[in-house]
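Heads up, the thing below is written out as structure tokens.
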């Protein structure tokens, strides 16, 4: 059961990183509660904490890393580190947040990149996961994320 939780948490972290690709970094904390934490994908020792709708870079103590599963500082030996090898995306104009799933087919979604709704499709084997506004790998027949036991 613990492995399923870890896999799901890592999928959420990856999905968040993918969902924020192309957006200004400050979007993460806009409208979030103070104290909300995010993984710093460049440094396992650091994390991002929201304060007043703004991002604040924080560091764990020298003997700790930021754990991507619990979103807390833990001993380096027990922390699950997440780091992305992608370079920072270039800031783009913000896009309307109207991406929603197409009700008749979860492998498609409505995108409003140009201000007008356009039906788009996910890659084969992926479905549109509404909570993260992203296409993620999963069971496209049942529109569900993979779990450890189903892979």
**OP:** Could you check, for the stretch 117-128, whether at least one of its residues is at pLDDT below 90, over 19 Å from the mean Cα position of the chain (by Cα), farther than 22 Å from residue 147 by Cβ and part of a loop (DSSP other than H, G, I, E, B)?
**Re:** yes
**OP:** Could you grab me the full set of residues in the stretch 132-151 that are without any contact (Cβ under 8 Å) to a residue 12 or more places away in the chain, out of contact with any helix residue (DSSP H, G or I) (no Cβ under 9 Å at 6 or more places or on another chain) and part of a loop (DSSP other than H, G, I, E, B)?
**Re:** 141, 142
**OP:** Count, please, the residues in the stretch 98-131 that happen to be surrounded by 18 or more Cβ atoms within 10 Å (Cβ to Cβ) and touching a helix residue (DSSP H, G or I) at 6+ places or on another chain (Cβ under 8 Å).
**Re:** 1
**OP:** Among the residues of the stretch 72-91, write down those that are modelled with pLDDT of 85 or more and touching a helix residue (DSSP H, G or I) at 6+ places or on another chain (Cβ under 9 Å).
**Re:** 80
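The values are calculated or read from the model by the stated rules, or taken from the named source; none is laboratory data. Owing to the predicted nature of the structure, the values given are computational and were not obtained by experimental measurement. Don't worry about glycine lacking a Cβ; one is built from the backbone with ideal geometry, like all the others, and counts go over all protein chains shown.
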